[in-house]
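See structure below.
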């Protein structure tokens, strides 16, 4: 799941070397924290959050194959 998020984010941004994904394991879910360059925040979030929603949907679909619950957070 972490790899899926990283591949998608790197494809969207202008500065792929500044993309980092950290994984925090909780009791019932996994939190993936995505950090990108400040100038790339708009590209990851998209108009009205549509790209961010699509990213979350794809990662949740990948997680459902492993029977896990995933939360994607986009950090500044």
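What number of residues within the stretch 1-24 are over 13 Å from residue 56 (Cα atoms), touching a strand residue (DSSP E or B) at 6+ places or on another chain (Cβ under 7 Å) and in a helix (DSSP H, G or I)? Summing the residues that are over 13 Å from residue 56 (Cα atoms), touching a strand residue (DSSP E or B) at 6+ places or on another chain (Cβ under 7 Å) and in a helix (DSSP H, G or I) in the stretch 1-24 gives 0.
When the stretch 19-30 is limited to residues that are surrounded by 15 or more Cβ atoms within 10 Å (Cβ to Cβ) and modelled with pLDDT of 95 or more, the one that is farthest from the chain's Cα centre (by Cα) turns out to be 19.
Looking at residue 61, is it assigned to a helix (DSSP H, G or I) and at pLDDT 95 or above? Before the answer, list the steps.
Values: assigned to a helix (DSSP H, G or I): yes; at pLDDT 95 or above: no.
The answer is no for residue 61.
Is it the case that some residue within the stretch 45-57 is in contact with a strand residue (DSSP E or B) (Cβ under 7 Å, 6 or more places away or on another chain), more than 17 Å from residue 3 (Cβ to Cβ), touching a residue at least 24 places away in the same chain (Cβ under 8 Å) and surrounded by 15 or more Cβ atoms within 10 Å (Cβ to Cβ)?
Yes: one or more hits.
Restricting 33, 27, 73 to those that are at negative phi and in a loop (DSSP other than H, G, I, E, B) reduces the list to 27.
The values are calculated or read from the model by the stated rules, or taken from the named source; none is laboratory data. Predicted, not measured: the structure shown is a model, and the values here were computed from it. All Cβ positions, glycine included, derive from the backbone under ideal geometry; neighbour counts span all protein chains shown.
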